[in-house]
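*Asks:* My questions all concern the structure below.
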Amino acid sequence: MGNPTRRRRLHRLHPPRSRRLIPQPPFTIQTSSFIISKDPLQPEELKRELLDAHAGALATFEGWVRNHNEGQPVDRLEYSSYPALANKEGQRIVAEAFEKFEIDAAIAQHRVGLLEIGGIAVWVGVSAAHRGAAFDACRYIIEEIKGRVPIWKKEHYSSGTTGWVNCHQET
Amino acid sequence: MGNPTRRRRLHRLHPPRSRRLIPQPPFTIQTSSFIISKDPLQPEELKRELLDAHAGALATFEGWVRNHNEGQPVDRLEYSSYPALANKEGQRIVAEAFEKFEIDAAIAQHRVGLLEIGGIAVWVGVSAAHRGAAFDACRYIIEEIKGRVPIWKKEHYSSGTTGWVNCHQET
Amino acid sequence: MKLTIQYFALLKDQRGLDEETIQSSAATANDLYQELAQTHGFTLPTTALKVAVNDDFASWETPLADGDSIVFIPPVAGG
Amino acid sequence: MKLTIQYFALLKDQRGLDEETIQSSAATANDLYQELAQTHGFTLPTTALKVAVNDDFASWETPLADGDSIVFIPPVAGG
């Protein structure tokens, strides 16, 4: 196993590849943000923040709580997050969208807590001079959020049981 | 030139390719609509119409009047349409989106009349069980509207002149 | 035969009116446009236009009949 | 060395608590998870998890130091 202290020193000089590839804050973020919210999301207010006389195109995405998943009726959903890392990773994703696409502003928010059917779990909005960039960036942000941001979803089924989505095990 | 009456009879038996390929109404439209509106568009109301306990994803697009076009400062825009054909063609586009993508509902509206900077010229919203279909259909609808629906845009420049967009001629 | 023509956008500006009913012996939509373009000085070529007969898109070679309603459609620019 | 571990989602349910501080001589994040999984009966394999050290993603081979904060991250499911 070796001496942890000595290995840590070496590690600082040569950080492993997985750490080096992840950009570290602070980022050069323009009008952009990622927020984990305990309160209901407010699409209209978020849209107003994106409104800019320069922009011509706004693409948005909203994820709503569905009344079923893989055939099971769902009554409500409980989202939890690892806040310190979720906010950091979400902000990285928005910053990446600015690097990849010609956009003017981007906002993404994810709800945590107990949500009823039809509640908004996630909102992403991107404004840009041209619609292609707005769509591409909006889709990039939601795909990356779903794949990388440490947020978990516990479904409460009509049967009374619950399940952590993606963990293939009911509790 | 031939006899118009005789040619018309032949034409009815063998309609030209361009007419045969265009589907004719009535379409099997689920929750969907395309409307040319003289009044300001109301995204919140339109979104409510798309809300459905079954749907999990909502993709929307808004086109706003920009303060510039091809380097010229724009004060306001005037949209006009050929209503009979614009409504029909817009409804065809929405119906095509239902055929091509697994979506639950779709609404598209286009404003006509005089719009100020920041006004909403066009709104498209699509709800679906999955986000990929919602994004694809939303983008399809706006691309086809821009390419096919007989709507024209007259820009009123800060310089006092006006121009029909795409007509390469100022009037 | 009697034909009704509606004008939009640049063509409306160049013609100076919204709609007119004319007498014409033009066999096709294309022939009609050529006639009108010469009379009124329309600048757009048919390659930049589409045409609608009786409120639906049609081929330029569509034969015209008495009472038809025709619209020449300048390049669209929605959104 | 002293390590702080936070638990989320399925791991929190299986551990029965949010956070704990333990004494461990685990050399890497991977060694630590194997230790804890055996003690507490965690069912998720490391291939299904990611790991964060001091609130940032890290490699399973990250050497641990006294005072480190570790989080094992179950499969995410946002949106």
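The values are calculated or read from the model by the stated rules, or taken from the named source; none is laboratory data. Since this is a predicted model, take the numbers as computed values, not measurements. Please note: Cβ atoms are built from the backbone with ideal geometry, for glycine as well, and neighbour counts cover all protein chains shown.
*Asks:* Run A:W123 past the list (1) more than 9 Å from chain D (Cβ to nearest Cβ); (2) at pLDDT below 95 and report the number of the one that doesn't hold.
*Replies:* Unmet for A:W123, out of (1) more than 9 Å from chain D (Cβ to nearest Cβ); (2) at pLDDT below 95: (2).
*Asks:* How many residues, within the range D:1-24, are under 19 Å from D:P63 (Cβ atoms), among the polar types (S, T, N, Q) and surrounded by 12 or more Cβ atoms within 10 Å (Cβ to Cβ)?
*Replies:* 2
*Asks:* Quick one: C:D13 ticks every box in (1) more than 7 Å from every other protein chain (Cβ to nearest Cβ); (2) in a helix (DSSP H, G or I); (3) free of Cβ contacts under 8 Å to residues at least 60 places away in the same chain bar one, so which box is it?
*Replies:* (1)
*Asks:* Could you list, in sequence order, all residues of the range A:37-68 that are out of contact with any Ser or Thr (no Cβ under 8 Å at 6 or more places or on another chain) and among the polar types (S, T, N, Q)?
*Replies:* Listed by number, the residues that qualify are A:S37, A:Q42, A:N67.
*Asks:* Step by step: first the residues of the range B:95-120, then only those that are within 14 Å of chain C (Cβ to nearest Cβ) and over 24 Å from A:V122 (Cβ atoms), then the one that is surrounded by the fewest Cβ atoms within 10 Å (Cβ to Cβ). Which residue is that?
*Replies:* The selected residue is B:G113.
*Asks:* Suppose we keep only residues that are farther than 30 Å from B:S159 by Cβ and surrounded by fewer than 18 Cβ atoms within 10 Å (Cβ to Cβ) within the range B:50-85. Which one would you say is farthest from the other protein chains (Cβ to nearest Cβ)?
*Replies:* Here the residue is B:P83.
*Asks:* Determine which member of the set B:P73, B:P83 is out of contact with any Gly (no Cβ under 9 Å at 6 or more places or on another chain) and at pLDDT below 90.
*Replies:* Being out of contact with any Gly (no Cβ under 9 Å at 6 or more places or on another chain) and at pLDDT below 90 holds for just one of B:P73, B:P83, which is B:P73.
*Asks:* Having 2 or more residues that are within 30 Å of A:L115 (Cα to Cα) and either in contact (Cβ under 8 Å) with a residue 40 or more places away in the chain or more than 11 Å from chain A (Cβ to nearest Cβ) (or both) is the bar; report the strands (runs of 3 or more DSSP E) wholly within the range D:21-79 that clear it.
*Replies:* D:69-73
*Asks:* Sticking with this structure for a sec: When you scan the range B:63-78, how many residues do you find that are in contact (Cβ under 8 Å) with a residue 60 or more places away in the chain and over 22 Å from A:V126 (Cα atoms)?
*Replies:* 7
*Asks:* Among the residues of the range A:152-171, write down those that are at the interface with another protein chain (Cβ under 7 Å from one of its Cβ atoms) and part of a loop (DSSP other than H, G, I, E, B).
*Replies:* Passing the criteria: A:V165, A:N166, A:C167, A:T171.
*Asks:* Same structure, new question: So how many residues does the range B:121-131 have that are more than 17 Å from the chain's Cα centre (by Cα) and crowded, with 19+ Cβ neighbours inside 10 Å?
*Replies:* 3
Every residue, every condition in (1) closer than 30 Å to A:H68 by Cα; (2) out of contact with any strand residue (DSSP E or B) (no Cβ under 6 Å at 6 or more places or on another chain), yes or no:
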{"position": "A:S80", "(1), (2)": "yes, no"}
{"position": "A:G90", "(1), (2)": "yes, no"}
{"position": "A:E96", "(1), (2)": "no, yes"}
{"position": "A:I107", "(1), (2)": "yes, no"}
{"position": "A:A133", "(1), (2)": "no, yes"}
{"position": "A:I142", "(1), (2)": "yes, no"}
{"position": "A:R148", "(1), (2)": "yes, yes"}
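*Asks:* Here are some residues: B:K88, B:K47. Which one is more than 10 Å from chain C (Cβ to nearest Cβ), at pLDDT 90 or above and closer than 23 Å to B:E143 by Cα?
*Replies:* Residue meeting the stated conditions: B:K47.
*Asks:* With the requirement that a residue be free of Cβ contacts under 8 Å to residues at least 60 places away in the same chain and of a type in the set (A, V, I, L, M), what does the range A:98-120 give you?
*Replies:* A:I103, A:L114, A:L115, A:I117
*Asks:* Could you please let me know if C:T43 is in contact with a Cys (Cβ under 9 Å, 6 or more places away or on another chain) and over 30 Å from A:R131 (Cα atoms)?
*Replies:* yes
*Asks:* Moving on. I'd like the full set of residues that are among the basic types (K, R), over 23 Å from A:P150 (Cα atoms) and in contact (Cβ under 8 Å) with a residue 12 or more places away in the chain, limited to the range A:34-62.
*Replies:* A:K47
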